[in-house]
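Below is one structure, written out as structure tokens; comments come after it.
Where a number appears in this text, it was derived from the coordinates with a stated rule and is not lab data. Note that this is a predicted model, so its numbers are computed, not measured. Don't worry about glycine lacking a Cβ; one is built from the backbone with ideal geometry, like all the others, and counts go over all protein chains shown.
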Amino acid sequence: MQINSLLDLGWNNHFQSQLDLESLESQLPFRVVSVQRNLVECLGFDQKDQQKTLQLSTYFWRNDPPELHPAVGDWVMVDHDLNPLRILERKTEIKRRGAGKESYIQLIAANIDTLFIVTSCNDEFNINRIERYLSIAAETNIHSVLVLTKIDLCQDVTPYLESLSGNHPELPVEVINATDPASLDGLGKWIDHAQTVALLGSSGVGKSTIINSLTASEDQATGAIRESDGKGRHTTTARSLHRLAGGGLLLDNPGMRELQIVDSEVGIKSTFPDIDALAQNCRFKDCRHISEPGCAVLREIEAGGLERRRLDNYHKLMSEQARNNESLAERRNSDRSLGRFYKQAKKSSQRFKSRE
Ligand SMILES: Nc1nc2c(ncn2[C@@H]2O[C@H](COP(=O)(O)OP(=O)(O)OP(=O)(O)O)[C@@H](O)[C@H]2O)c(=O)[nH]1
Ligand SMILES: [Mg+2]
Ligand SMILES: [Zn+2]
């Protein structure tokens, strides 16, 4: 990736204002462009102002919780010998609950301006899942655009478009054939110079195909979906940032198997503004819209003004994030008490030694 200045990588005032005079003189900002296991690749300029690609090990962050490890899109400050020092405070973060039993937050990407929710007009299309993405983006003030792929393989896109406009009238929708660069013109207006756009969606929906078509390259491997069930083969395995000729930055991601929502109450509420507005008229202030008397949300469902599915998904997302927040808080507490225990143990062993 050839760049002229940090501005081309999305550097702006939000990051600049975090640096005092001393760090401006002694440190250099690098942007994380890909993460593979324990290796973080960053792009920036060295002390002689030469463009430089850095490979950093995540070992430096080994004692930090996972959400504070570098993610694609992060800005890492390094010293003049190119050793990592810290990660700058993020403008936005796309996160989920990490997979597995242990409760932790996994960062998918940092400092994203716009999210392309990529979905195809076939069985993969799922409005509940789209609302999950929307909630996560809204929580961190990322602007979402829905990209509907594979129109060339679809008889009739109307049901998909109706489902989107019926549920989310404000959501911009771009309908494309990802394999045909001519059909991608509409995406351009969402990818301004130095803006970072993340593509998220299930495996096989065409995220990497979009990137290849927009960069006129074959840089990203793509893979045909399975004929038996139409599912993708998880072709992309690492996140990586790509620069377009127009100066926009696109982040390719592996297809998502699961997107467990965490810490997103505000995002969910703003994804379901109709439910939030109706809730103002419920008899009880803390109405959960399950079976309470005087519930304005349930009344609206009965009157046919609100789809039951929407309320069900709202409940599902709200309780999922509450559950995940709770187990996260428990884990943090136990980490903290474990930390205290170790500190105590260290102190008493030092006391013991000093008496020897
Ligand atoms: N006809 C047609 N094929 C498409 C379109 N978009 C993607 N494909 C094909 O669908 C398959 C999967 O595309 P990929 O770009 O690999 O999908 P992906 O979202 O990157 O998948 P993962 O990397 O597994 O997450 C490839 O064979 C693409 O050529 C489209 O709009 N029309
Ligand atoms: Mg891919
Ligand atoms: Zn209610």
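Assuming R0 = 41 Å, can you tell me the calculated FRET efficiency for the pair Asp312 and His80, based on Cβ-Cβ distance, to the nearest 0.05? E between Asp312 and His80, to the nearest 0.05, is 0.15.
Relative contact order, percent, of the chain when contacts are C-alpha pairs under 8 Å separated by at least 6 residues? Numbers along the way, then the final one.
Numbers: 608 pairs, mean separation 49.6, N = 356.
About 14 percent, as a whole number.
Given a cut-off of 30 Å, name the pairs among Lys52/Lys231; Lys48/Lys207; Lys150/Lys189; Lys52/Lys150 whose C-alpha atoms lie farther apart than that in the structure shown. It would help to have the intermediate numbers written out before the result.
Numbers: Lys52/Lys231 39 Å; Lys48/Lys207 37 Å; Lys150/Lys189 20 Å; Lys52/Lys150 38 Å.
Exceeds cut-off: Lys52/Lys231; Lys48/Lys207; Lys52/Lys150.
The Cα-based radius of gyration and maximum Cα-Cα distance (Dmax) for region 18-57 are 11.6, 34 Å.
Ranked for footprinting exposure by Cβ neighbours inside 10 Å, fewest first, Ser183, Ser120, Ser57 give Ser57, Ser183, Ser120.
With n ≥ 4 as the cut-off for DSSP H runs, can you work out [θ] at 222 nm for the chain, using -39500 (n - 2.57) per run divided by the number of residues, rounded to the nearest 500? Result for the chain: -9500 deg cm²/dmol, rounded to the nearest 500.
As a test of understanding, state the convex hull volume per residue of the chain from its alpha carbons, in Å³.
On the way: hull volume 67.6 nm³, N = 356.
Spread over its residues, the Cα hull of the chain gives 190 Å³ apiece.
For the Cα trace of region 265-330, dividing Rg by the Kirkwood Rh returns an Rg/Rh value of 1.00. Within the chain, Cys42, Cys295 have no other Cys Cβ under 4.7 Å of their Cβ and so lack a disulfide-compatible partner by this rule.
Residues Ile3, Ile290, Ile261, Ile136 in ascending order of nearby Cβ atoms (within 10 Å, fewest first): Ile290, Ile3, Ile261, Ile136.
If you stretched the chain out fully between Gln47 and Ser23, how much longer would it get, using 0.36 nm times the residue separation minus the C-alpha to C-alpha distance?
On the way: separation 24, 0.36 × 24 = 8.64 nm, distance 1.31 nm.
Full-extension gain reported as 7.3 nm.
For Ala322 and Arg283 in one chain, what is 0.36 nm times their gap in residues minus the Cα-Cα distance, to one decimal in nm?
Details: separation 39, 0.36 × 39 = 14.04 nm, distance 2.33 nm.
So the extension gain works out to 11.7 nm.
Summarising the amide proton neighbourhood of Glu174: residues at separation of 5 or more, or on other chains, whose placed amide H is nearer than 5 Å comprise Leu146, Val147, Leu148.
Treating each Cα of region 213-308 as an identical point scatterer and summing with the Debye formula, the log10 of I(q)/I(0) at q = 0.16, 0.23 Å⁻¹ comes to -0.81, -1.18.
Here the Kirkwood formula puts the hydrodynamic radius of region 70-196 at 16.7 Å, using every distinct Cα pair. Centre-to-centre separation between the Cα atoms of region 146-209 and those of region 25-58: 32 Å. Of the two radii for region 163-250, the radius of gyration is 0.98 times the Kirkwood radius, both from the alpha carbons; that is the Rg over Rh value.
Around the amide H of Gly248, modelled in the peptide plane, lie the amide H atoms of Ala194, all under 5 Å away and 5 or more residues distant in sequence or on another chain. FRET efficiency for the Ala238 to Ser163 pair, using the beta carbon distance and R₀ = 30 Å, is estimated at 0.40. Within the chain, the longest run free of trypsin sites (Lys or Arg not before Pro) that sit in a DSSP loop with at most 16 other Cβ atoms within 10 Å is 102-225.
Extension gain for the segment Leu171 to Asn141, taken as residue separation times 0.36 nm less the Cα-Cα distance, is 9.4 nm to one decimal. The Cα trace of region 6-89 gives Rg and Dmax of 12.0, 34 Å, the first to one decimal, the second as a whole number.
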